[in-house]
Amino acid sequence: MLVTTWVIVGVVAGVSGVFIGYLSLRQARAAVEDCQRMLARQTSEGMGDLKAIRDVAVCRYDALSEMTGRLSFSVAMINGLGDGIVLTSINGRSETRTYVRPVVGGKGREPLSPEEEEAVRAARLGLGPMILSRTSGPL
């Protein structure tokens, strides 16, 4: 009975490990594809001034359940090196809060919200000024 229990535990641990490895592989492949697209875009457009803001993306979403209409937004403004800012505005019924977070090398110096990360990713990939919001669907 004890051996059977250990066998079951081993099988479950092995299957879990394979599943976690599969998910990690998918994330790594997506990151590699993003890098390949960025490099292809940079080489096809010519590099120009890498320090000039050239990539902008806006992610609109409903940050608060009391407000609809995707009035909250995050705007990423990034240069060719992946440095820049993310400007976020959270809109409520009685107040609006605005935040600016620095971006260095395509990553936030401070933790970014999922919407801010999506805006930075879209700007780096050149997906255009308006992008899909994860929480609200197409714009």
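Points worth noting:
- A straight chain from Thr4 to Gln27 at 0.36 nm per residue would run longer than the Cα-Cα distance by 4.8 nm.
- For the chain, the solvent-accessible area with a 1.4 angstrom probe is 65 square angstrom per residue.
- Computed per residue of the chain from DSSP H runs no shorter than four, each worth -39500 (n - 2.57), the mean residue ellipticity at 222 nm is -14500 deg cm²/dmol.
- Between the Cα long axis of helix 2-45 and the first principal axis of the chain there is an angle of about 20°, rounded to the nearest 10.
- Anisotropy class assigned to the chain is oblate, per the alpha carbon gyration tensor with a/c at or over the 1.5 cut-off and a/b no larger than b/c.
- Cα-based helix-to-principal-axis angle, 114-125 vs the chain, degrees rounded to 10: 70
- Normalised alpha carbon radius of gyration of the range 70-111 [divisor 2.2 N^0.38 Å]: 1.30
The values are calculated or read from the model by the stated rules, or taken from the named source; none is laboratory data. In this text the structure is predicted, and so the values were computed from the model without any measurement. With ligands, DNA and RNA removed, areas are computed over all heavy atoms of the protein, side chains included. Shrake-Rupley method; radii C 1.70, N 1.55, O 1.52, S 1.80 Å.
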